[in-house]
Structure formats: structure tokens, C-alpha cells
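Rule-based calculations on the coordinates, nothing more; no lab input. Just so it is clear, the model here is predicted, and its values are computed rather than measured. For neighbour counting, all protein chains shown are included, and Cβ atoms are generated from backbone atoms with ideal geometry for every residue, glycine included.
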Amino acid sequence: MTTGTDPVTWTLSGFGDEIDTDPRVQVAVLKALGSEHIEVRSAWGTNVVDLDEDQLASLATLLRNEGMKASAIASPIGKVDVTLDADLEVDRLRRVIRVAHALETPNIRIFSFFRADGVPVEDIRDGVMTRLRLLADEAEREGVVLLHENEKDIYGDTPERVLDLVESVGSSALRLAWDSANFVQVGVTNPHDAGYAMLRPYLDYLQVKDADAASGSVVPAGQGDGQVLETVTALRDDGYTGFASLEPHLDEAHTLGGFSGPAAFGQAARAFDGLLRSIGVATK
């Protein structure tokens with residue numbers, strides 16, 4: 001628990017490809033916003049799973065020369081149907097781990113699998129747990145941490161099922177990234193009230209976006225129904241000192257990500273900064 005006199009500082013990051021496909025532009029905008037970290041989902045329009053050796057080397061050199069570090073690799077692991085061969089996703093994770101090692105971050109964002117239309121979510125539970133266990137085993141061997149994000153329409157899209165998966169897998173290499181907007185978009189009313197206390201012991205990373213419950217639209221942090229202010233206040237009081245990664249989705253959103261552009265990305269950053277300043281949290 002912090003006190004009113006304790007300085008509280010979180011590390012600001014952001015999804016670079018929400019700004020531009022060119023990582024040089026991504027880095028320039030993030031640095032202008034005061035960030036020295038970037039969350040890497042794609043570069044030059046190529047997803048992290050598919051970066052070749054030359055692209056990866058160029059990206060690592062660019063970040064090093066610009067004094068930028070990767071906060072996490074925003075992988076698409078687990079954003080596939082649960083009936084697909086489990087080994088295929090383990091193989092894809094190995095390719096993402098190669099990126100994480102090259103960019104010197106232990107953090108890899110993952111998901112917990114889609115299902116076909118009409119399939120009850122309960123029917124995929126065993127398959128999800130088996131696959132997450134295989135992924136966690138690989139992560140443990142490679143010394144990386146899988147950060148499960150509560151994406152829409154996957155198994156872990158509600159607080160109760162997120163808790164189920166992290167406790168059932170029971171691996172130190174499987175932790176949680178919190179996304180308020182995604183909870184709102186799957187009908188979780190007041191996500192902080194509904195899920196924060198149960199998930200906080202496993203929460204290591206904050207994805208920053210908010211959503212309007214009536215329309216489902218993503219909005220800047222604090223301007224929707226995601227109880228972002230309540231969540232960041234609780235994190236402050238819990239002594240959280242980790243990453244806060246901007247994922248605005250203010251221009252478009254789709255299954256594998258979203259886009260904002262430099263101007264909207266800056267709008268999202270300023271909204272979040274105002275929210276943090278109101279509770280005495282700074283960013284670096």
C-alpha cells in the first residue's frame with residue numbers, strides 16, 4: 001500500500017503499429033509522448049510471427065539506436081480456433097520467443113482460443129487448458145512470461161474464466177494483462193468491480209483502452225464504462241509499478257489488432273496522462 005507522499009511512477013508503452021506501419025515513425029511518436037518503450041505487434045506491416053531474420057535484426061538495431069526498449073511482444077498466439085493442432089501454436093510461439101529474445105523482453109501477450117459459432121464455451125475448456133499448459137511449458141523452458149489478455153470471444157473473456165485458466169494451468173510463466181475495454185465489449189458491467197480483486201494476484205501488465213457499453217465503441221481511457229479510473233487507482237494503492245501500454249483502437253479494430261494513427265494515438269495518450277495525473281501517478 002502506498003501513502004500520499006510516496007512517488008508513484010509507471011512505465012509508459014504503446015502498440016507501435018497503432019501509429020504507423022513503419023517502426024521509425026512508431027518510435028518517433030512514442031518518444032514524443034515521453035515513452036522509452038514500445039509494445040511490438042508488427043513492423044513494416046509484418047506480424048511478429050512472420051518477421052524474417054533481416055527484419056528482426058533491423059528492428060533490434062533501430063530500437064537500440066533510438067534508446068527504445070520493448071515492453072512486450074504483442075503476439076497473436078491463441079487467436080486461433082481451439083480445434084486446430086495444438087503443436088502448430090507451440091511452433092508459432094517458438095517463433096515469437098525468438099523475437100522476444102532478440103528484442104530483450106520476457107513478456108509475450110497471448111490469448112485463450114476461439115471456438116466455432118454455436119459451440120458452448122464450456123465445451124472448449126479442456127482443449128484450452130491443454131493448449132495453455134503446452135504453451136506455458138515452452139515459456140518456462142525459454143525463460144519468458146505469457147501475458148494472457150482478456151480478448152473478446154475467446155475462452156478467457158470474462159473475469160471468472162480468466163481466473164479459471166490462470167489457476168488451472170498454475171504456471172509461473174502464465175500471468176495476466178488487464179484490458180478494461182474488452183471486458184466492457186463482452187458485457188461485463190463495471191469490470192473493476194466484477195473482476196479486479198479476483199485477478200489482481202496474477203495481474204502483471206496493463207493494456208490501456210476503454211469502451212462505451214451502449215455502442216461497444218473503443219474510447220480514450222476514462223471516457224467509457226470500463227472503470228479505468230477505479231482500476232488505475234486500485235493499482236496505485238496496491239503498489240503497482242509496471243507497464244501501462246496504450247492500445248487505443250480509435251480508428252479501426254479487427255480480429256488481429258487495431259489502428260489509431262499518430263493524432264488519435266496522441267489523443268489517447270493525453271487522456272490517459274490526465275487520468276493518471278488526477279491520482280498522482282507519473283509515467284516514464
Name the long-range amide H neighbours of G226: under 5 Å, sequence gap of 5 or more, or other chain; modelled H, no Pro or chain starts.
A211
Semi-axes of the equivalent ellipsoid for segment 116-251, Cα gyration tensor, largest first, Å
24, 19, 13
Calculated [θ] (222 nm, deg cm²/dmol) that DSSP helices of n ≥ 4 give over the chain, each run adding -39,500 (n - 2.57):
-11500 deg cm²/dmol
With the dipole of the chain defined by +1 on each Lys or Arg Cβ and -1 on each Asp or Glu Cβ, the option from Y155, I279, A234 whose Cα lies farthest towards the positive pole is I279
Here the gain from full extension of R270 to R95, 0.36 nm per residue of separation minus their alpha-carbon distance, amounts to 59.5 nm
Order 150-156, 28-34, 66-72, 79-85 from most to least packed using the mean count of other Cβ atoms within 10 Å.
150-156, 66-72, 28-34, 79-85
Enumerate the calculated ³J(HN,Hα) couplings along segment 131-146 in order (Karplus 6.51 cos²θ - 1.76 cosθ + 1.60, θ = phi - 60°), each rounded to whole Hz, writing x wherever the residue is Gly or Pro.
5, 5, 5, 4, 5, 5, 4, 5, 4, 4, 5, 9, x, 10, 10, 8
Counting Lys and Arg as +1 and Asp and Glu as -1, each charge on the Cβ, what is the dipole of the chain about the Cα centre in debye, to the nearest 20?
740 debye
Toy charge model, Lys and Arg Cβ at +1, Asp and Glu Cβ at -1: segment 135-232 dipole around Cα centroid in debye, rounded to 20, equals 140 debye
Note down the relative contact order for the chain as a percent, whole number, built from C-alpha pairs under 8 angstrom at least six residues apart.
20 percent
Looking at L174, V90, I19, which one has the Cα that reaches farthest to the positive end of the dipole of the chain (charges on Cβ: Lys, Arg +1; Asp, Glu -1)?
I19
Tell me, what HN-Hα J-couplings in whole Hz come from the Karplus equation 6.51 cos²θ - 1.76 cosθ + 1.60 at θ = phi - 60° for each residue of segment 193-210, using x for Gly and Pro?
5, 7, x, 4, 4, 6, 9, 3, x, 10, 8, 10, 7, 10, 8, 9, 7, 9
Segment 219-227 - phi-based ³J(HN,Hα) in whole Hz, Karplus 6.51/-1.76/1.60, Gly and Pro as x:
9, x, 4, x, 10, x, 10, x, 6
The set of residues whose placed amide H lies less than 5 Å from the amide H of T283, leaving out same-chain residues fewer than 5 positions away, is W10
Spacing of the two label points (7 Å from each Cα toward its C-beta) at K31 and Q55, in nm:
2.3 nm
Under a 5 Å amide H to amide H cut-off, with H placed in plane at 1.01 Å, what residues pair with V208 once short-range neighbours are removed?
S245, L246, E247
Calculate log10 I(q)/I(0) of segment 8-283 for q = 0.16 Å⁻¹, where I(q) comes from the Debye formula with a single equal point scatterer on each Cα and nothing for solvent.
-1.29
